[in-house]
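The values are calculated or read from the model by the stated rules, or taken from the named source; none is laboratory data. This one's a predicted model, so the numbers in the text were calculated from it and none came from an experiment. With ideal geometry, Cβ positions are generated from the backbone for all residues, glycine too; neighbour counts draw on all protein chains shown.
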Amino acid sequence: MSEELLNAAKRKFGQAEVYRVEGESRPVTFEANKLKELSVRESSGVALRVISKGRLGFTSTTNPDDEAGLVARAGAVAEFGAEAPFTLPGPAKYPKVNVHDSAVAGITQQHMVDTGKELIERLRDKWPDLLCEGRVGTSTGRMQIWNSSGMEASYEQTGYYVYVGGKLIRGTDMLMLWGGHSSCGLFGKQQSDLILERLLQQLEHCRNIVPAPKGDVPVIFTPRGVGATLVSPLLEGFSGKNFAAGTSPLIGKEGQKMLDARISVYDDPTLPMASGSRPCDDEGEPSRRLKFVEKGVIGGGYFDLLSAAKAGKKSTGSAHRALTSPPSPGTSVIDIAAGDTRRHDIFASVKDGLVVEELLGAGQGNEMGGEFRANVSLGYRIQNGEITGRVKDTMVSGNVYKVLAQVEAVSKETEWVFGSMRAPYIRCRGVEVAAKG
């Protein structure tokens with residue numbers, strides 16, 4: 001059916017693309033310390049994108065009986081569609097990227113139930129007042145894409161994830177914590193133990209509530225804190241959409257040193273088994289490792305076909321899409337390079353400072369300009385190298401370009417953040433810390 005659909009669209013419009021996805025997910029969820037639901041969900045669908053008289057037409061369906069009408073609908077949409085200043089790519093050679101693990105299909109729902117129950121029981125064994133939730137699940141999927149220029153690409157992908165968290169209520173104070181990991185491949189007890197270890201460590205750090213530090217103090221971003229605070233406003237500057245619109249603050253800055261030499265940031269969808277890795281993007285362009293920042297020097301942005309054409313660039317294999325929406329540029333697996341300082345030493349040398357794990361309401365600042373401003377939902381005070389307790393009613397703000405130019409240390413150790421980002425601990429200045437009281 002896909003070949004017939006492509007041929008019909010090609011005959012009518014000249015340029016056409018068929019995108020087909022199918023998948024199955026098996027989530028197991030826990031709520032209030034108990035098993036809540038077991039389910040199996042299947043999905044499939046097809047999308048058609050055409051270029052008609054220089055304009056884009058897009059439509060999709062999840063109903064196989066409806067596919068015959070896609071050509072007419074795409075043509076009708078194209079009459080009012082955006083201009084298409086590009087041509088669809090031809091055949092390409094794709095990298096071998098391992099994103100499929102046959103062992104995932106063999107995981108039973110009982111195994112997932114047992115995994116979630118064990119983690120919750122072990123958490124509550126140490127913290128019996130904790131009200132826990134959790135998600136354990138697997139997924140399998142297949143993506144296929146064809147176009148009128150002769151490009152054909154497909155890959156199969158699996159997924160396995162374990163997430164667990166809890167709510168702790170003490171008087172008027174409510175603390176919520178989450179931990180977890182996802183991968184294209186099956187992982188076992190060692191990774192689950194690490195999830196538990198980090199959650200228990202966070203709970204211990206939160207045992208006491210202490211005043212936040214004030215003034216110009218060093219701020220340590222944990223790997224999760226890096227992701228919650230710094231990554232989003234930084235990546236906004238590299239977005240192909242913003243380059244195309246002429247609004248990126250990094251236009252004309254490629255090759256300039258703007259950040260500390262210890263900062264290197266990449267997007268690498270070729271990393272094996274990482275959630276988000278893939279051999280090609282959602283337009284059939286080959287995946288590749290992108291250099292956003294290397295040793296403080298600004299690299300290039302990330303583009304799909306449309307944003308690349310508007311910006312006078314080439315696609316970087318960064319197209320992402322849902323079945324119901326056309327492609328747009330996005331990142332896959334953010335990889336921030338390790339530094340040269342032991343994690344222990346990053347903490348040990350701080351006389352008085354703030355540790356940031358999670359934010360509430362991130363993105364309130366002008367992200368386009370690199371700004372961040374949000375409340376710290378999980379953060380600690382560090383005094384004389386030791387975490388002394390959790391802070392409340394604290395806000396951090398700053399500009400990511402200025403903050404990452406005032407780096408004091410970057411850890412040798414890196415950690416995966418939910419399976420789709422790898423980052424070190426970063427200690428820096430230039431963050432404004434505001435607290436009540």
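Values computed for the structure shown
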read-out	value
Residue in the range 50-68 that is surrounded by 20 or more Cβ atoms within 10 Å (Cβ to Cβ), hydroxyl-bearing (S, T, Y) and in contact with a Leu (Cβ under 9 Å, 6 or more places away or on another chain) present	yes
Count of residues meeting criterion [crowded, with 20+ Cβ neighbours inside 10 Å and within 28 Å of A82 (Cβ to Cβ)] in the range 26-49	4
Any chance I145 is closer than 26 Å to G379 by Cα and either hydroxyl-bearing (S, T, Y) or assigned by TED's automatic domain parsing to the domain that holds E22 (or both)	no
Residue count for the range 198-215, restricted to those that are surrounded by fewer than 17 Cβ atoms within 10 Å (Cβ to Cβ) and assigned to a loop (DSSP other than H, G, I, E, B)	6
Residue ID - modelled with the highest pLDDT, chosen from residues in the range 313-323 that are surrounded by fewer than 19 Cβ atoms within 10 Å (Cβ to Cβ) and out of contact with any helix residue (DSSP H, G or I) (no Cβ under 9 Å at 6 or more places or on another chain)	H320
Selection within the range 11-25 - surrounded by fewer than 19 Cβ atoms within 10 Å (Cβ to Cβ) and in a helix (DSSP H, G or I)	R11, K12
Filter result for G379 (under 26 Å from the mean Cα position of the chain (by Cα), buried (at least 21 other Cβ atoms within 10 Å of the Cβ), assigned to a loop (DSSP other than H, G, I, E, B) and touching a residue at least 24 places away in the same chain (Cβ under 8 Å))	no
Residue that is hydrophobic (A, V, I, L, M, F, W, C), touching a Lys or Arg at 6+ places or on another chain (Cβ under 8 Å), farther than 27 Å from C280 by Cα and at pLDDT 95 or above, where the choices are F30, F58	F30
When residues of the range 324-363 are limited to those that are in contact with a Pro (Cβ under 6 Å, 6 or more places away or on another chain) and not in a strand (DSSP E or B), the one surrounded by the fewest Cβ atoms within 10 Å (Cβ to Cβ)	A338
Members of the range 258-300 found to be of a type outside the set (V, I, T), in contact (Cβ under 8 Å) with a residue 60 or more places away in the chain and part of a strand (DSSP E or B), listed by number	Y266, D267, C280, P286
The listed residue being loosely packed, with under 14 Cβ neighbours inside 10 Å, at pLDDT 95 or above, among the charged types (D, E, K, R) and under 28 Å from the mean Cα position of the chain (by Cα), out of D125, D114	D114
Filter result for G81 (in a helix (DSSP H, G or I) and either among the acidic types (D, E) or buried (at least 16 other Cβ atoms within 10 Å of the Cβ) (or both))	no
The range 304-323 - residue that is in contact (Cβ under 8 Å) with a residue 60 or more places away in the chain and not aliphatic (A, V, I, L, M) and, of those, farthest from P279 (Cα to Cα)	K310
Count of the range 408-432 residues which are touching a residue at least 60 places away in the same chain (Cβ under 8 Å) and assigned to a loop (DSSP other than H, G, I, E, B)	5
